[in-house]
1. Could the peptides 83-89, 221-227 be put in order, highest first, of the mean number of other beta-carbon atoms found within 10 Å of their residues?
2. What ranking of Y140, Y108 emerges when the number of other C-beta atoms within 10 Å of each C-beta is taken as an exposure proxy, fewest first?
Amino acid sequence: MKFSLIALSNALLFATAFAGVAERQQRRESRVRRTNPKIPATGNFTASIGRPYSNISNVSYSTNWAGAVLTAPPAGSTFTSVSATFVVPTPSGSGAASAWVGIDGDTYQNSILQTGVDFTVTGGRVTYDAWYEWYPDYAYDFTGITFRSGDTVSLSVTASSATAGTAVIENVTTGQTVSKAITSTSRLGGQNAEWIVEDFEQNGGMVEFANFGTVTFANAVAGYSGGGTETAAGAEIMDIKQNGQVLTSSSASGSSVTVKHN
């Protein structure tokens, strides 16, 4: 009897441990997410408040990107870094969105080096996940960093070559910093620099786009080969349009990019 009880106890412990591993694996798999290059939006549409949107100079529309993009570096150079800070928002309703900085993905869509923070609302609970990605590979979550609404976050990506780079995220409020050296066989073109709030892809489909309020990228700067820098002033402005409705209002001024959910 004693042997049987011990065997039963061991079996239960093994089953519990196996279930825990399986649950963790399921959670990891459920975070299979990927940024896509900009997907242009076409056709007639109205703002979410119901008024027709007029043609606005220097603004384009996308089903997944909102924010600002420098669509070309200075002649004879390539973009090698992009950085910014923003304050973590408090999303509402349900769904998810992501704030990130990156190199390429607009006019040059073969690859994107990027890093950012996802904000997700599920059953009234808000979670935040930091990640890095070299598209077309999937995104990978950072560990060792957490966020709360109102925290100030610093993001940067730096390309040391067309196939190697580094992603860095710092929670300025808490002092936590994470970084990752990344390599890829998908070469960067260094043709675009962007500050984006995205409706991203997860598990093969677009997530429900959460009402994130407002995200303002401050100190939005792109570096290019030769040692120079550019701000977001003069960048192409993008807003998200889905199902005939414009869901965001974006603007850029100097080194600041603001994206508002309508």
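1. 83-89, 221-227
2. Ordered from fewest to most neighbouring Cβ atoms within 10 Å, Y140, Y108 come out as Y140, Y108.
Computed from the coordinates by the stated procedures, all read-outs in this text should not be read as laboratory data. If you're wondering where the values come from, they're calculated on a predicted model, not measured in any experiment. Here Cβ is always computed from backbone atoms with ideal geometry, including for glycine, and neighbour counts include all displayed protein chains.
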